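Down below is the structure, laid out as structure tokens.
Every number here is computed from the coordinates shown, using simple stated rules; none is lab data. What you see is a predicted model; the values in this text were computed from it and never measured. Every residue, glycine as well, gets a Cβ built from its backbone with ideal geometry; the counts of neighbours run over all protein chains shown.
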Amino acid sequence: MGTLKKGVFGGFSGKVGNVVGASWKGIDYIRSMPSKVNDPKTKSQVKQRSRFLVAMDFLRTITPFLRIGFQSHANGRMTAFNAAMSYNMKFAVKGEYQVVGLDYPNVLVSRGSLSAVSGTSAEIVVDELLVNWEAGMQGNAKSDDIAMVLAYNPLKRESVYDLNAGKRAITKANLSLPPAWKGDAVETYLAFKTADGTVVSDSIYTGRYLVY
């Protein structure tokens, strides 16, 4: 409670609402109390930050890949990398609160209107990822479309990829893996771009494999 010292037009001491009255060297003064700051670390904010970090850990390892894979979603205000972040945070991050992770089968490392392929299969053979697909030419697919192959090591938070792994008509591609990855599991993806690199397909998740 505040106390009036010199009537209603004089100074006061104490607190009235969010105003504090005091005196220093015979001079009466008032000041306002600082505003209460809400805790910025709400559950929703922590969850959003966790989702961002999970997506960033992966996508930062494949920035050149994303520049091609998400090129059609870049505009004056959004880079290809940011477009990839936005998509994957929305559709490929799973979990609640602080326990979040990537749902690798739902991750896209390329997104576009070029026809992809069907009948994909993959395997690891002596430090190499071997990917195969069917030869069918659906939609706007062309025989000289170029395969883009990617492998991500979640344990080491590293990626390797080949943006020119072979033509669609060859129906297979291979990707060398680092010897240091032996014993680790890798997440793998396949996408295609036109011969001039201006149009890409949605990427296909080709599975998780143990490197041996």
Taking 0.36 nm per residue of separation between Arg77 and Gln48 and subtracting their Cα-Cα distance, the length gained on full extension comes to 8.3 nm
Exposure proxy ranking, count of Cβ atoms within 10 Å, fewest first, for Arg60, Arg77, Arg51: Arg77, Arg60, Arg51
Exposure proxy order (Cβ contacts within 10 Å, fewest to most) of Met89, Met148, Met78: Met78, Met89, Met148
If amide hydrogens are placed 1.01 Å from N in the peptide plane, which non-local residues have theirs closer than 5 Å to the one on Leu114? Val200, Ser201, Asp202
Are there any GluC sites (Glu not before Pro) in the stretch 104-212 that are in a DSSP loop and have at most 14 other Cβ atoms within 10 Å? List them by number. Glu134
Taking amide H atoms as placed 1.01 Å from N in the peptide plane, list the residues 5 or more away in sequence, or in a different chain, whose amide H sits under 5 Å from that of Thr206. Thr188, Tyr189, Leu190
Kindly write out, for the stretch 166-173 in residue order, the coupling ³J(HN,Hα) from the Karplus curve 6.51 cos²θ - 1.76 cosθ + 1.60 (θ = phi - 60°), rounded to whole Hz, with x marking Gly and Pro. x, 7, 4, 5, 6, 6, 7, 7
Under the 0.36 nm per residue contour assumption, what length would be gained going from the current alpha-carbon distance of Asn106 and Lys94 to full extension? 3.3 nm
With all distinct Cα pairs included, what does the Kirkwood hydrodynamic radius of the stretch 43-210 come out to in Å, to one decimal, could you say? 16.3 Å
So between Arg208 and Ala180, what do we pick up on full extension, going 0.36 nm a residue minus the alpha carbon distance? 8.4 nm
